[in-house]
1. Within region 49-66, does at least one residue satisfy the condition of being at pLDDT below 85 and surrounded by 10 or more Cβ atoms within 10 Å (Cβ to Cβ)?
2. I need the full set of residues from region 44-81 which are assigned to a loop (DSSP other than H, G, I, E, B) and of a type in the set (A, V, I, L, M), in order please.
3. Could you run through region 1-43 and say how many residues are part of a loop (DSSP other than H, G, I, E, B) and surrounded by fewer than 10 Cβ atoms within 10 Å (Cβ to Cβ)?
4. Quick one: which of ILE53, ILE68 is free of Cβ contacts under 8 Å to residues at least 24 places away in the same chain, β-branched (Val, Ile, Thr) and over 22 Å from HIS13 (Cα atoms)?
Amino acid sequence: MVGPEPNPKELEHAFRREVLKLLKAEGKITDLVIENMLSWYHSGFNVHCGNAISPFDHNGLERLAQYIIRAPISQERMTYVPACRRVSQGYLQSQRRQYH
């Protein structure tokens, strides 16, 4: 890589800004939605500044493609909590034993 290492947080903020701007321009979200999303503790955006994958690394590209299309959360771990009117994502039983 030529030049200084990229700052992941700066890239994350720039990426989020551009995605939200694009979604607003497409009429998919409003300023109110953007304001709400910008207030989230976890932005929902992440930037990986690791090694680049060569266009000739077919196994690496396949692994990346599999990662991109995977579901970010498991529906089996989601529970609706009526009292709070929220959805909670719990741990699987094996993970619960590991962390408690």
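The values are calculated or read from the model by the stated rules, or taken from the named source; none is laboratory data. All of these numbers come straight from a predicted model, not from anything done at the bench. Please note: Cβ atoms are built from the backbone with ideal geometry, for glycine as well, and neighbour counts cover all protein chains shown.
1. Yes, some residue in region 49-66 is at pLDDT below 85 and surrounded by 10 or more Cβ atoms within 10 Å (Cβ to Cβ).
2. Kept after step one, since they are assigned to a loop (DSSP other than H, G, I, E, B), are these residues of region 44-81: 44-57, 70-74.
Hits for region 44-81 are VAL47, ALA52, ILE53, ALA71, ILE73.
3. Here is the first cut: in region 1-43, the ones part of a loop (DSSP other than H, G, I, E, B) are 1-7, 26-30, 39-43.
Okay, now just the ones that are also surrounded by fewer than 10 Cβ atoms within 10 Å (Cβ to Cβ), so 1-5, 26-27, 39-42.
Counting residues in region 1-43 that are part of a loop (DSSP other than H, G, I, E, B) and surrounded by fewer than 10 Cβ atoms within 10 Å (Cβ to Cβ) gives 11.
4. On the way: ILE68 fails: over 22 Å from HIS13 (Cα atoms).
Of the residues listed, the single one that is free of Cβ contacts under 8 Å to residues at least 24 places away in the same chain, β-branched (Val, Ile, Thr) and over 22 Å from HIS13 (Cα atoms) is ILE53.
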